[in-house]
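Q: Sharing a structure below in structure tokens format, with a few things to ask.
Bear in mind that the values in this text are calculations on the coordinates, not laboratory data. Note that the coordinates shown come from a computational prediction; the quantities given were computed from them, not determined experimentally. Positions of Cβ are backbone-derived with ideal geometry, glycine not excepted, and every protein chain shown enters the neighbour counts.
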């Protein structure tokens, strides 16, 4: 009996030792986690994870040394924890694909409710214009591979690439047989330097697109964070063209016959400092002839804030004449312009001998005149619709007359102060 008990105990101890050995083997197997795998002669770091749907997946990333596998796997785990599976799925995403998603989600027309914008953009065309050269340069490049050096190279290339414009030119040729003049029209390519302001707008669009990718966890970081100062507004050439009163008279006189329709538009721009879009979208219901005011709804303004501008006597005459010849429909636009007056305005300037003057310069001119007339800066800012003083000052130009008036006032002030000093000295003596 004793022998049997001893045999049972021995057998139990042997089995227990076998089980303990098995557990040690299992522990060794668990501790020796393999962070890498070799596929077709190439090394890859390997991470197994469970996605949101509860499905196990494996993520591979190319490595050159087995010793780096664990660090790469830890990095993959960190990306997964912070950005989710989207970061893995977007590793092969190209810039073209990112732009397509950006356009689908962000470049949608603005929608309004009760005069308030709910979503979307009011101006899409300028963004699409900036996207075109970005697509051409970065197109098939993976978004994860875009580096600060690539952004700098893009800027340098754009600076070095002139703007080419196709224009029509007329040539007069005298026929040798008849002696008559014949006019031939041919197309030529004109080149000019690309403006830094245009390049800045493109870079700003690139930054916005990459931030869109970052917000959706398709990018780990935005390379713009390491390229400080690449968008330099200080390098932009700011226009300071102000129309003189003599030039204005010539310009308005040139607005006759087929260009007569732009005269009231120019008067409106010069007397209100309204933006081109605000003028074109203005409807008769926005005009109050009794109060002498024009109401600009927030749906038409750049800053999405409504404002009121006054009507000058000559603008009133122009608007009243247009109202008399209109259909008397309050919902109709005042000037009936749906696109642009660029060609008519350019022809009027050429005929009037007014050089280097653009329609937007009317806003500069109006702002400068309002200040020169003695109106406080704060009031003028409210009328022109500027929310930032720095932006407002860009539109405020010092004319020769203004500079002369400032010098004259300073001279009078100094003379008065010196007189007080001399008078005080004589009194003491």
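Q: Using alpha-carbon positions, what is the distance between the centroids of region 82-108 and region 181-200, in Å?
A: First find each Cα centre; the distance between them is then 37 Å.
Q: Stretch residue 328-residue 181 to full length: gain in nm at 0.36 nm per residue minus the Cα-Cα span?
A: Values: separation 147, 0.36 × 147 = 52.92 nm, distance 4.95 nm.
That works out to 48.0 nm of additional length.
Q: For region 34-85, state the average projected area of the convex hull of the C-alpha atoms over all orientations, rounded to one decimal in nm².
A: That works out to 3.7 nm², a quarter of the Cα hull's surface.
Q: Rg and Dmax of region 62-218 over Cα atoms: what are they, in angstrom?
A: 24.6, 90
Q: What FRET efficiency do you get for residue 52 and residue 145 if R0 is 22 Å and r is their Cβ-Cβ distance, rounded to the nearest 0.05?
A: After rounding to 0.05, the efficiency reads 0.20.
Q: Let me ask you something else. Measuring from a point 7 Å past the Cα of residue 170 along Cα-to-C-beta, which residues in region 348-382 have an amide N at less than 17 Å?
A: The answer is 348-353, whose backbone nitrogens lie closer than 17 Å to the label point.
Q: Let me know the shape class of region 245-397, please: from the alpha-carbon gyration tensor, a ≥ b ≥ c as square roots of the eigenvalues, rounded when a/c is under 1.5, otherwise prolate if a/b is greater than b/c, or oblate.
A: Judged from the Cα gyration tensor, region 245-397 comes out oblate (a/c at least 1.5, b/c at or above a/b).
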